[in-house]
Amino acid sequence: MEVDGIAERNSHSPVFLEGEDVHDWSKEEDVAIEEAMSPTSPSDTGALEADSPPPTDDIYEDIESQLQELQLDKIEEKLPGHEEIKQHVEEEEEKKRHLNVVFIGHVDAGKSTTGGQILLLSGQVDDRTIQKYEKEAKEKNRESWYMAYIMDTNEEERVKGKTVEVGRAHFETESTRFTILDAPGHKSYVPNMISGASQADVGVLVISARKGEFETGYEKGGQTREHVQLAKTLGVSKLVVVVNKMDDSTVNWSKDRYDEIESKIIPFLKVSGYNSKKDVHFLPLSGLVGSNIAKRMDKKVCSWWNGPCLFEVLDGIEIPLRDPEAPVRMPIIDKYKDMGIVLMGKIESGTIHEGDSLLIMPNKTQVKVLAIYCDENKKRRAGPGENVRVKVSGVEEEDILSGFVLSSVVNPINAVSEFNAQLQILELLDNAIFTAGYKAILHIHAIVEEAEIVQLIEEIDVKKKKVADPKKKKPKRRPLFVKNGAVVICRVQVNNLICIENFSDFPQLGRFTLRTEGKTIAVGKVVELPPSGNVLFES
Ligand code: GTP
Ligand code: MG
């Protein structure tokens, strides 16, 4: 779900848009220059060569035209061409880094409200639209949801007051262009949340401080914990924890409540693999009122918070640079027809250029890149981390499934139907035991596929912090089963070919979750793939 209206209204950057207007402008200029530069017509020249001295008016005209030519020469020298302007704008844009931020957390924590408020504060939504939403929300008996309507754009979401599909919007600060992915919090829509989180580097974990709401969201079965674990597994390396609804009458900007929530969440974040000092930032906030988002906290409202506001924190987050020269890997999230086939996804590795020949794996279909779009801007190339739409030729729409991977021709991604993985068992249904034959749904980048555990290879002793070494000789006695909390190396099989990578080579394409009956039962990483070119391990 694109926040289309907003995206269109938002003319943040590009100063230059690849549209017909611009093209016409450049054409007009060319015509003007060509006309002015064209030699005088033969009949005029003839007139000048005649015996009789040219009339004075003609001399003036001649001088004038020469002057004009000179000036036009100069103008032409100064005026960059269409291509140069385009390049310049692209370079300017590239100076700003781009970050994908996913909003996660329990249902009703205030993710869409905060996302909407961000768009409002960054000047992308006008008062009239807000008034319209206020009226619409009132009519639907969802008065307090008007701010969330900026992100929740479909009827079902507005009626129920719950996000279903991942909302997408853009804003920018001094140094960074952000794409916001507003995930649903409701447990029925966890697969959509997984798809949103798999596109992001940074997570904003929204927690409601309202009495009782923090508790429900945080307890077992609530989505706060599940979302954190999923986010970590899906490659969200930094978390901003916003303690929201601080304005609520049950909270009233209480420092004690804020401290209580922070102290309860930190140990859980650590267990989930986040370094609470390096990877996590906490801050109090009100998405509804708009406090501590674009500007620092007003001391009159909250005297004890001396830290930064949300925009400052997001601006300051550093994400390790990815290699733009690496092989291209772009998992395809969605596709549609538009004078060619448009593939949507995030470039996880490498750079895609206009004109490139690439492979769609696992079908090995060779395609040519016709155009690349980032947000609403056309670009000539896009690098790792960018969310893009790539228009290609050479393939039919029905031959592409989500989860296929756009890949370099040289060094394409592996296509396999089994792999070895290190699994962390989180919570088996009804405390079941985990054995060979266990079936679950595998979610890995954009792939959703039924999977079976065909072999347990080795149980890892978590206390000894032993790390799985795929090259090591396998132990003689393989475990027959493991229980909740266990870490185990096992072999996973799927029915169709899937394109994945070893976690150690491409973390984003090698981490996954296993779910059954709508619950995440395990998270894991790919530790070994069949030998290159093989679909299965030799048994
Ligand atoms: P899902 O998409 O269903 O997961 O919910 P969400 O996290 O997007 O929550 P949403 O933004 O839809 O807000 C849910 C309710 O909480 C609405 O009634 C909001 O008005 C309210 N709310 C959100 N943020 C705040 C806040 O900062 N203060 C107060 N008082 N209420 C808030
Ligand atoms: Mg929402």
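The values are calculated or read from the model by the stated rules, or taken from the named source; none is laboratory data. Note that the structure is a prediction, hence the values are computed from the model and not measured. All Cβ positions, even for glycine, are placed from backbone atoms using ideal geometry, and neighbour counts span all protein chains on display. Side chains included, ligands, DNA and RNA excluded: accessible areas come from the protein's heavy atoms. Shrake-Rupley method; radii C 1.70, N 1.55, O 1.52, S 1.80 Å.
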Given (1) in contact with a helix residue (DSSP H, G or I) (Cβ under 7 Å, 6 or more places away or on another chain); (2) open to solvent by 40 Å² or more (accessible area, probe 1.4 Å); (3) free of Cβ contacts under 8 Å to residues at least 40 places away in the same chain; (4) more than 26 Å from residue 312 (Cα to Cα), number of the condition residue 146 does not satisfy: (4)
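Yes/no per residue for (1) of a type in the set (Phe, Trp, Tyr); (2) under 20 Å from residue 111 (Cβ atoms); (3) in contact (Cβ under 8 Å) with a residue 12 or more places away in the chain:
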position: 236; (1), (2), (3): no, yes, yes
position: 239; (1), (2), (3): no, yes, yes
position: 246; (1), (2), (3): no, yes, yes
position: 249; (1), (2), (3): no, no, no
position: 258; (1), (2), (3): yes, yes, yes
position: 290; (1), (2), (3): no, yes, yes
position: 297; (1), (2), (3): no, no, yes
position: 300; (1), (2), (3): no, no, no
position: 304; (1), (2), (3): yes, no, yes
Residue check for residue 236: open to solvent by less than 20 Å² (accessible area, probe 1.4 Å) and in contact with an Asp or Glu (Cβ under 7 Å, 6 or more places away or on another chain): yes
Residue list for the range 249-287, filter: within 16 Å of residue 298 (Cα to Cα) and part of a loop (DSSP other than H, G, I, E, B): 252, 253, 254, 285, 287
Near pairs, Cβ below 8 angstrom, 6+ apart or cross-chain, from the range 129-142 (of a type in the set (Ser, Thr, Tyr)) to any residue that is surrounded by 17 or more Cβ atoms within 10 Å (Cβ to Cβ): 129/150; 133/146; 133/147; 133/149; 133/150
Residue pairs meeting the criteria (Cβ under 9 Å; at least 6 apart or on separate chains; first touching a residue at least 12 places away in the same chain (Cβ under 8 Å) and buried (at least 21 other Cβ atoms within 10 Å of the Cβ), in the range 175-195; second assigned to a helix (DSSP H, G or I) and of a type in the set (Phe, Trp, Tyr)): 183/189
Count of residues meeting criterion [polar (S, T, N, Q), in a loop (DSSP other than H, G, I, E, B) and open to solvent by less than 50 Å² (accessible area, probe 1.4 Å)] in the range 288-315: 1
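Please report, ordered by residue number, the strands (runs of 3 or more DSSP E) entirely within the range 125-242 with at least 1 residues that are on the phi < 0 side of the Ramachandran plot and at pLDDT 95 or above. Step through it out loud before you land on a result.
Values: elements: 167-172, 176-182, 202-208.
Passing ranges, in order: 176-182, 202-208.
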Residues located in the range 420-431, provided they are outside any strand (DSSP E or B) and in contact with a Phe, Trp or Tyr (Cβ under 8 Å, 6 or more places away or on another chain): 428
Extreme residue, nearest to ligand 2 (Cβ to nearest atom), among residues of the range 149-174 that are touching a residue at least 24 places away in the same chain (Cβ under 8 Å), over 22 Å from residue 286 (Cα atoms) and open to solvent by 50 Å² or more (accessible area, probe 1.4 Å): 165
